[in-house]
Structure formats: C-alpha cells, structure tokens
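What follows is a short report on a single structure.
Read the figures in this text as sums done on the coordinates, not as results from a lab. Just so we're clear, the structure is a prediction, and the values are computed from it rather than from any experiment. Neighbour counts run over all protein chains shown; Cβ positions are idealised from the backbone, glycine included.
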Amino acid sequence: MDFSDSQITISRQAELLSINRSSVYRQPPKETVISDDDLFIMRRIDELHTVHPTWSYRTITKVIRRDDHILVNRQKIRRLMREMGMHTIYPKPHLSKRYHAQYIRPYLLRKLNSCRPDQVWGIDITYLRMEKGVMYLFVIIDWCSRCIVDYELSSTLEKTFVMNCLERALKSRKPEIMNRDQGSHFTNPDYLGLLDRAEIKVSMDGKGQALDNVRTERFFRTLKYDLIYPQEFETPRQLRKGITEYIHEYNTYRPHSAIGDLCPLETYNGREFCAA
C-alpha cells in the first residue's frame, strides 16, 4: 500500500499498519564505529576486569599505561568501561539513591539454604569482543543446576534483547526468585512489571557486592577463557555459532564440579547423568 500521495494522517497510517505512531518518527540507531586503538584498549579492559573485577578504572589505567605503553587517561578508561557495561566490584554507599531508587529491590538470597531447580535464576550481561567489533551476551542461569536456561546476543546494550529473552524463557518455566544487580536494564518498570505479572520475586544484589551474583560471573569468566580469548571471531554470525555450540556443550556434556560432576541440563531436568 502506497501512502506517498495520500492525505491520510500519520496517525491513521500507523493504525492501518498496526504499528506505534512514535516508531514512525524514530530514527534507526547509528552504527558505532570503534577505532583499532579503542578496540585494543577495550580488549585489555575486558581481560583485566575479568581477572580483577575489584580494580577501579584508575588502577586499570595505570596497568595499561605501564604494561601496554599506551598514554591513555583515566576519563577515557572510565568512559569505555561504561560503554562496555562494566562496573568495579566494591561497596559503594548510597549510590542506589542516584539510580532509579524507586525500582531498587532487596537482596533475598543471603539466608537461602535449600537448592532446587527453578528456585532462583540469576541474570546478567557481559561484553564479548570480536576481531573488529563487540557484542553483548545476556544469560539466564539456574542457580541450583548451573544450567543456562536461555541467552541472547546483541550488538548494543538496549534493553530490548534482555526483555525478549526473558519473555521467551518464561513461556516454558519460571523461577520463584529472579536475582540481578542494580543496573539500568533491571531497575525499570518494564523489567519489574514483567516479573510482577509472572508472580516472580525480585532480588537485587547489593551495590558493588562481588558474591551476590557469583554463579553468573563465574560462568562468564569460564566462557571467556574457554572460547572468547583463544579465538578471534570475525563476524557476529561466527560468534553466535560459537556461543550456541559452547552453551550446548556446557549444558549437556561438560561435568560441573559444583553439582557432583553432573551436567547442568540433566540436573536441571531432575536426572542424574550426563548426556553421551
């Protein structure tokens, strides 16, 4: 249908096409071009932060200047860390008052003694490097079995990919409690409304507390050392294929010491053996 010469209003056109009127005016996001120098620095930040999550941007700046002989300032390291979704792990008093304080929820897992599948899901986002670009991985992990329930890759940190993955996962199973940090993806009405409708309790890590979401952080570290760092994925397609194969092997074949050397998916489904 061609509306180019029509007198139909924008509102009516949007109604006929079953789209939101605001989307008609929305400009597509511009693709971010990352220089080779910045890409190298981002890789070094990722490597240092993965091993030393308590290091501040000041410390990381000093190490990069010393070891890589790059005259980079602290402001640039701090900006890149924010763009990568990385936050230093240490207690930060009263910061929750600055960021969506009305959406902050308490940490519910401190005295949790029992462990069963679908009792607690942990969720988080991590930066993944490619040869000439970056992507972001969102995962949902069952705390008891260590099973990756679902995941999603995105070229940006927009919250859409997080919400799509959560909605997909909740169509088949759901936890009693969902745990995450106080990042902007999870301190907003869309995220909290989704869990409220599903009757899921919301737990949020204390600001900067290293151990509150430790299972998810350990998975990210294992993934990067097993897959991301040894290989140079050239395209998003190659990275998606690599992530898919890795998570399938992690869930169905690789024994996990925290669950008696069983496999996460089999444990999640209530069985006591690994896939052949």
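Points to keep in mind about this one:
- Fewest-first ordering of 34, 247 by other beta carbons within 10 Å of each residue's beta carbon gives 34, 247.
- Relative contact order, percent, region 115-186 [alpha-carbon distance under 8 Å, six or more residues apart]: 34
- Computed over region 36-83, the P(r) curve from all C-alpha pair distances, binned at 10 Å from the origin, holds 28, 67, 5 percent per bin.
- Residues 256, 69, 248, 49 arranged by fewest to most Cβ contacts within 10 Å: 69, 248, 256, 49
- Taking other C-beta atoms within 10 angstrom as a stand-in for reagent exposure, 132, 111 fall in the order 111, 132, fewest first.
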